[in-house]
């Protein structure tokens, strides 16, 4: 997966390309769940090259820059037990007001072509993967047949489709703050209709291909269109 490197505390942000490997030399942000939150993950294929300012902000919607996020006061809760959600039999997630500041979510980031993004650091810096999910617990959206990402119905509906087939999966990573934080760019704006039902993120901290009980954190968002932390 391609990754850009950006200096954290300068007015100008310099981004260069390099390769990112995590968890023993491999990393994935494609979490394909078949039958529940703990199904196996499959590596995805990044397809975008974010260009700051290339996408105009939607009406009434702010587009952040990396530097603005770094300059903003850090907020966040103390973590705790998962006590929100749980509808339709889904596992509960940590409530938005309690989500630790190691996850920062923004509905639009210039360096992600105006798409939604999550910044991970601290205990989440080396997370295996992150996806957003909607109230139907989907991490594959739009549905197969929409043509999203240029994917055919067969490819989007396959067992292990590339990340580009789903806006809820990470398309690109940007390393910032001297390598102490990673920006994960999703496939659509948080202000878009595609993200209108986004309610949470799931972070897989590590991956064991021989286990169905991986270390997964389920964290509530305010909404797909609202910033968090």
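Can you give me the ranges of the strands (runs of 3 or more DSSP E) entirely in segment 92-185 with at least 3 residues that are within 27 Å of residue 74 (Cα to Cα), more than 13 Å from the chain's Cα centre (by Cα) and at pLDDT 95 or above?
Output list is empty.
In contact with a strand residue (DSSP E or B) (Cβ under 7 Å, 6 or more places away or on another chain) and either at pLDDT below 95 or surrounded by fewer than 18 Cβ atoms within 10 Å (Cβ to Cβ) (or both): does that describe residue 229?
So residue 229 fails the test.
Can you tell me how many residues within segment 170-226 are out of contact with any strand residue (DSSP E or B) (no Cβ under 8 Å at 6 or more places or on another chain) and on the phi > 0 side of the Ramachandran plot?
The qualifying residues number 1.
I'd like to know if segment 194-206 contains one or more residues that are loosely packed, with under 15 Cβ neighbours inside 10 Å, modelled with pLDDT under 95 and out of contact with any helix residue (DSSP H, G or I) (no Cβ under 6 Å at 6 or more places or on another chain).
no
If residue 104 satisfies all but one of (1) within 23 Å of residue 206 (Cα to Cα); (2) touching a helix residue (DSSP H, G or I) at 6+ places or on another chain (Cβ under 9 Å); (3) surrounded by fewer than 22 Cβ atoms within 10 Å (Cβ to Cβ), what's the number of the condition it fails?
(3)
Counting only residues that are under 12 Å from residue 200 (Cα atoms) and outside any loop (DSSP other than H, G, I, E, B), which one in segment 82-91 is modelled with the lowest pLDDT?
Ranking the candidates gives 85 first.
Name the single residue that is farthest from residue 175 (Cα to Cα) among those in segment 65-81 being touching a helix residue (DSSP H, G or I) at 6+ places or on another chain (Cβ under 9 Å) and touching a residue at least 60 places away in the same chain (Cβ under 8 Å).
76
The values are calculated or read from the model by the stated rules, or taken from the named source; none is laboratory data. Values in this document were obtained by computation on a predicted structure and should not be read as measured data. Cβ: placed from backbone, ideal geometry, glycine included. Neighbour counts: every protein chain shown.
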